[in-house]
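Only the coordinates and a few stated rules stand behind these numbers; no lab work does. As the structure is a computational prediction, the values presented were derived from the model and not from experiment. Don't worry about glycine lacking a Cβ; one is built from the backbone with ideal geometry, like all the others, and counts go over all protein chains shown.
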Amino acid sequence: MNTLLALSFWIHLIGVTIWVGVSILMPVLIMPILQTLEPPARMKFMSGWTPKAAPIINIAIVLVVLSGIAQIPLKFGTWNVFGLNVLTAKLFVTLLMMANGIYVGVVLAKRIGTLAPAPGTPPSPQFLKTQRMLNMHSWVQFGLAILVLLLVGFLTA
């Protein structure tokens, strides 16, 4: 049982490292760098980065969810953990992260792609608004990631 729990923790940490790592790097590093580029270069970067990063991030999220579910009975001996406790809070914040990530990765990414200005034309107000929303939701993802890590600290203390 300890070996299975250890392997589950290991898989969980790999997934969390990727998912949380991207959630932290996006608003802190990637978005500020993109702001220094001209709009066509931003789109070129995002259209090259997204197809490579999205599958890795999605696999990481699946690993986190499945290994997290597997850990509940291994660690607590029961599935009855949905009272008001730190694990419940972590699960709730994780669900918020997933919902926000889907909104950023699917809705906003598609919207910004369709609103992208043609080379040499100024960006539309809708494009600029979508950029601001993308930036704001990236920071929300950052905050949720930090909160999940804090809750993990409480769970493992």
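How much length is gained on full extension from SER47 to LEU149, taking 0.36 nm per residue of separation minus their Cα-Cα distance?
Gain on extension, SER47 to LEU149, equals 33.7 nm.
Just the ratio, please: alpha-carbon radius of gyration of region 2-156 over 2.2 N^0.38 Å, N its number of residues.
Compared with the compact-globule rule of thumb, region 2-156 sits at 1.21.
Picking from PRO27, PRO39, PRO73, which is most flexible by a Gaussian network model of the chain using Cα springs under 10 Å?
The residue that fluctuates most here is PRO73.
Run the numbers on the chain and let me know its relative contact order in percent, using alpha-carbon pairs under 8 Å that are six or more apart.
34
Total Lys pairs in the chain closer than 25 Å by alpha-carbon, pairs eight or more apart in sequence or interchain only?
Number of lysine pairs found: 6.
Pick out, from ILE33, SER67, PRO119, the residue whose Cα sits farthest towards the positive end of the charge dipole of the chain, with +1 on the Cβ of Lys and Arg and -1 on the Cβ of Asp and Glu.
PRO119
Give, in nm to one decimal, the length gained when the segment between TRP139 and ALA109 is fully stretched (0.36 nm per residue of separation minus the Cα-Cα distance).
9.3 nm
About the Cα centre, and with charges only on the beta carbon of Lys, Arg (+1) and Asp, Glu (-1), how big is the dipole of the chain? Nearest 20 debye, please.
It comes to approximately 260 debye.
Within the chain, what's the longest stretch lacking chymotrypsin sites (Phe, Trp or Tyr not before Pro) that sit in DSSP loops with no more than 12 other Cβ atoms inside 10 Å?
Longest run free of exposed loop sites: 1-78.
When the helix-only estimate is applied to the chain (DSSP H runs of n ≥ 4, each -39,500 (n - 2.57), divided by the residue count), what is the mean residue ellipticity at 222 nm, nearest 500 deg cm²/dmol?
Calculated at 222 nm, the ellipticity per residue is -27000 deg cm²/dmol.
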